[in-house]
Structures are given as C-alpha cells and as structure tokens.
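S.K.: After the structure tokens below, expect a handful of questions from me.
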Amino acid sequence: MSNHDLAIVILAAGKGTRLKSSLAKVLHCAGGRTLIEHVVRACAPLGAKQTVVVVGHQAEQVAPAVAPFGAETVLQQPQHGTGHALQIARRALGRAKLVVVLPGDAPLVRTETLKALIAAHRAGDAAATILTAVLADPSGYGRILRKSETTVAAIVEESQLTPDQRELNEINSAIYCFTLDKLWPALARVKPNNKHRELYLTDTIAAMTAKNETVLAEVAPDAREVLGCNTRADLAEVDRIFRERKRAAMMDAGVTIQLPETVLIDPEVTAGEDTVIEAGVQLLGKTKIGARCTIRSGSVLTDALLGDAVTVEPHCVVARSRLDDHVIIGPFARLRPDNHLKAGARIGNFVELKKSTIGEGTKAMHLTYLGDTKIGARSNIGAGTITCNYDGFHKFPTSIGNKVFVGSDSTLVAPLRIGDGAYIGAGSTITDNVPADALAIARGRQANKPGWASKSAENWPQLRIQRRRSGQERNQKPAGRPKNTSKLFVQKSRVKTPFLRPSPAACQKRSPPQTLNTTAADAIVRGT
Ligand code: UD1
Ligand code: MG
C-alpha cells in the first residue's frame, strides 16, 4: 500500500489531569516505553509523508522523545481541545490528502490495525473512518452512535450521554482516518458546546453526517488495543497487556518462562532457544540473552549481553555488562556497569564487580569487590579480596595476570600489577607490583607462645577460674582460692601481665621467624 498522500497527527499536548502527576501524560511509561514512543513506533511502518506530533504541556520534554523517530512537532498553547489541536497541525500537513489521527495516550494500537483502518477508509471512499471497539465496560469513553450497520451518525462524549445512550458499548478509540478536504469544513462548523468550552474533534463526525458525508467504523480486532491511559489504573492495565504480549512473543521464540505473570520483560529484550527464565525475573533495557541460558529467580538484568549457556543464579543484579558463553554468576552477585566476563568465568555470592574484565575460567567465588580491574585467564581470587581502587579523589586500575592465585582476605591497593602465575599470601595488603611467578606476603607475622595460657593462669586468678570452668585445668591440681577477683584487680592484672601486650622484640625472642618452604607457602596462600 502506497501512502505518499498520507500524514499522521498524534495529539500529545494535554496535561493528563486525571493522572495527578507532575509529568505530562504521554511521558508516562507502560510496557517499558513512554506512551508517546509506543504510538510513534506503531505509526512508523505506515510510511506516511509527515508525522506531526501536537505538543503543549511540557513540550520541551515531549519533543525530544519523538525527535529520534523523525516526527515533527507543532505547539498547541493553550490547549482548547482535540479539534483545536488539529487546526494547529494543519499547516504542517502540506499536500497530504488523508490523515490518521491518534491520541498520544492509547499506546497498544498495532500497525496492522492502522493499515486495516486506512484500507477500509480508502475502499469506502469515506470522509472519516473511526477505529471503534466493543467494551464490556465502556465508561470513560465517547460512544458511537450508529446510523446504519456500516455507517456512523455521531460520537457522543461520556459527559453528554442521555440515559438511553449509556447502554451503548461501542466506543470511540480516538483513532481516525480523515479525508482532509472533508475534515476542514466540518471542523470549521464545530462549536465548543461542552462544559470545558473545548473544540472536540469528535463533533466533526456529526458535522460530516449532517452534510451527508460517509463516516465508517472499523471495529478493532482486539478491543484491548484501543485502551487509553487517563488514570493510574489504566496505566497499570496497559502495562500488564504489553508485558503479556512480550512474554508470549518470547515463548513463541522458544524460551521457557516459569510463572510468566511474575516476569517483567522490556520490549527490546531478546533470548535464544531453550533459555529458561524463572519466576520473578526482570529483563530490562536492551538485554540480549543467548541460547540455553538459565536466569534464576529474583534476578534483574538491565542492558546485559549474555552468550550461550550462561547461568545467572538467584537474586543477581546485572547492569550493562557482557557475560560470555558458560559464565556462571551468583547467587547474590552484583555486576555494576561495564564488566566483561569471558567464557567460563565464575562469580559467586556477594561479589561486586565494576568496570572489570574477568578472564576465561577465572573465579571469584565469595565476598569480593573488584573495581577497575583486569584479570587474565584461569586465575583464582580468594574469598574476601578487595581492590582498593579509590583514594577519595581518583579511581586507579588493578591488573592481574593469568593463573594468579590471590589468597583470601587480600587487599589490593591500586594502581597495582600482579604478574602471571604470581601468588598473594592470604590476608595480605598489597601496595607494590608483584612480578610474575613471585609470592607476595604483606601481613603481620604469627607468633606462637608455647604454654602461655597455663603460665599466665598462675598469676592471673580470673583466667585460672575461667580455664577451670571450661575444663582446661580439670586434671591439674586445684588452684587455691583466688585471693582477689575484684574488677579492680582484674583490670590491674591486665595492665601488668606482660604476655597480653608483648613488645615486638619479645615476640622475636620467643618465636623465631618462620622460614618459607614450599609447605609453608602452600599454607600462606591458601585461599578459598
Ligand atoms: C478522547 C475522545 C473520546 C475517546 C477517548 C479514547 C475527545 C473529545 N474525546 O477522550 O471520545 O473515547 O479519547 O481514549 O477527543 N489533546 C491535545 N490537545 C488538547 C486536548 C487533548 O493534544 O487540547 C490530546 C491529549 O494529550 C491526549 C489526546 O488528545 O493525548 C486525547 O485527549 P484526552 O483528554 O485523553 O481525551 P479523552 O477524555 O480520553
Ligand atoms: Mg484519553
């Protein structure tokens, strides 16, 4: 169908008083997009010469929302009704012969339905063709007054219905196709005869039939397509329908969705065959998921890019990150933006990543923060490892090579480079680069003091009592009754007992420094 003579006008100047919002109605979201974006997108494939959006309330926000789709905007200020909005748009329509008019607040309409409307209008050589729907509950909508089985006499707004007309359940969707040289004279005859003193576009229908022009009705195949969003409840219902449509499309494409009504998927999300999405998952933005992935309960993915066979365990949060094939994350992992997890990488529970690259097969399984970090392949990051990437002013990078073993509870103070095959002793605070193949340990040495406890108990009655109670001195000769167990005494003895606060020199004397052999190194770096 060639539509070189067609223009589109979308009415989006109203405030949307019934929403009780500081945001213009058409900028509210349903189904992951603003209402106006849904409408503009539905019109785009019609190939009209012009698409004109009438803006008014918050025009400066509405105009940029439609600009990316090549729509032109005209300003209606103040807003004197839908008929007035058409008059404002007139000049922008150029030489078009037909116009499709849509409200900016009815976002569920499909392109196919609009094509059918235009085709019916052309075929019937009509002055106007109205997209109508039959609703069980027509309240809130203008009603269609039929002239015959195929033609329409008038549209009556809800506020002007007579008691008999309240029974009518065919409603006006506010989506019409008009022949422009029939519309303008009819609109000129319309008067603002209503309580808002507005020019209603709906009144042009009666004005046309009064001049024996043909007005047709095209009944929408699915009545839900024409739902308008005047209230928060309307918004929720429209959102529900969009989400349902999207889930149905995903299931048709071979995706399993458990408890579908609990899963929220934005319109641009895709997923490959045999991917399983569990209950309570949200897939948002431009998230793309490969085949055979599993996204488990409670996970929220925004703008994530997943390869094939990726597993996202329960309750993960992923933002703008790429996960290659066979990656496993979670449960309870948080990926802030700009991470790349290469094939087979594993990120475990309570691990947070930011701007980090995790190499093939590398693991960080527990309680870890990696920020501004690049890690090579097959490295192991022990539990509790933290990259200190921020000095309060600037962010600094950490680079970790291939097959590096970072022992548990290590603190890596950036900027820092750790070479291939290096080992970091558990509990280390690493501030200097570590060459490839080296072992780095940076922590206080352990001092064992043989017999410390029993020796201390001889001079420390409180400790003696405690050890007896816990059975540690059961086989020893019962100690005499402690002479003084007063709080004061205990406090004094704490200060006096040399073993409680040994000087570094004393430690050196009592326990010779450890020598590092292979077994000791093993123990030092023991990570997860
Ligand atoms: C309108 C129709 C009603 C129909 C219903 C379907 C009229 C008078 N009534 O009622 O028959 O059943 O839609 O949803 O048309 N707008 C402007 N400028 C204005 C006034 C409105 O651009 O001066 C825009 C609004 O931003 C909105 C659209 O026109 O996008 C429709 O206006 P709205 O107030 O929602 O009309 P309804 O009461 O829903
Ligand atoms: Mg409305």
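Bear in mind these aren't lab numbers, they're just calculated from the coordinates by the rules spelled out. Just so it is clear, the structure is predicted and the values come from calculations on it, not from any experiment. Note that each Cβ is placed from the backbone with ideal geometry, even for glycine, and that neighbours are counted across all protein chains shown.
S.K.: I'd like to compare 288-295, 268-275, 157-164, 406-413: which one has the highest average count of other Cβ atoms within 10 Å, and what's the full order after that?
M.R.: 406-413, 288-295, 268-275, 157-164
S.K.: Whose amide H sits under 5 Å from the amide H of ALA271, counting only residues 5 or more places off or on another chain, with H placed in the peptide plane?
M.R.: ILE289
S.K.: Report, by chain and number, residues whose modeled amide H sits under 5 Å from the one on THR51, excluding near sequence neighbours (fewer than 5 apart, same chain).
M.R.: ILE8, GLU72
S.K.: Using amide H atoms built 1.01 Å from N in the peptide plane, name the residues 5+ places from MET365, or on other chains, whose amide H lies under 5 Å from its own.
M.R.: GLY348, ILE381
S.K.: Next question, about the same structure. Highest mean first, what order results for 60-67, 331-338 on Cβ atoms within 10 Å? Present the calculation step by step, with values, prior to reporting the outcome.
M.R.: Details: 60-67: 16.6, 331-338: 18.5.
Most protected by this proxy first, the peptides run 331-338, 60-67.
S.K.: Taking only DSSP H segments of four or more residues, each worth -39500 (n - 2.57), what value at 222 nm results for the chain once the sum is divided by all its residues, to the nearest 500 deg cm²/dmol?
M.R.: -6500 deg cm²/dmol
S.K.: In whole Hz and in residue order, list the ³J(HN,Hα) couplings for the range 102-119 that follow from phi through the Karplus curve 6.51 cos²θ - 1.76 cosθ + 1.60, θ = phi - 60°; x for Gly and Pro.
M.R.: Listing the rounded values in order: 9, x, x, 10, 10, x, 8, 5, 9, 4, 4, 5, 5, 4, 5, 4, 5, 4 Hz.
S.K.: Also, quick follow-up: Between the alpha-carbon centers of the range 1-77 and the range 420-434, tell me the distance in whole angstrom.
M.R.: Measuring centre to centre over Cα atoms gives 58 Å.
S.K.: Where does each of 52-58, 345-351 land if you order them by average Cβ count within 10 Å, highest first?
M.R.: Those peptides, ordered most packed to least, come out 52-58, 345-351.
S.K.: Continuing with the same structure: Could you run the Karplus curve 6.51 cos²θ - 1.76 cosθ + 1.60 with θ = phi - 60° over the range 325-340 and give me ³J(HN,Hα) per residue in whole Hz, x for Gly and Pro?
M.R.: Those phi angles translate into 3, 6, 6, 10, 10, x, x, 6, 9, 10, 10, 6, x, 6, 10, 10 Hz.
S.K.: Now for a different question. In whole Hz, with x marking every Gly and Pro, tabulate ³J(HN,Hα) for the range 230-236 from phi via Karplus 6.51 cos²θ - 1.76 cosθ + 1.60, θ = phi - 60°.
M.R.: These are the phi-based 3J(HN,Hα) values: 9, 10, 4, 5, 4, 4, 5 Hz.
S.K.: Can you pick out the pairs among LYS246/LYS355; LYS147/LYS195; LYS115/LYS246; LYS246/LYS363; LYS25/LYS191 whose Cα atoms lie more than 28 Å from each other? Before the final figure, lay out each step's value.
M.R.: On the way: LYS246/LYS355 31 Å; LYS147/LYS195 26 Å; LYS115/LYS246 22 Å; LYS246/LYS363 35 Å; LYS25/LYS191 26 Å.
Over 28 Å Cα-Cα: LYS246/LYS355; LYS246/LYS363.
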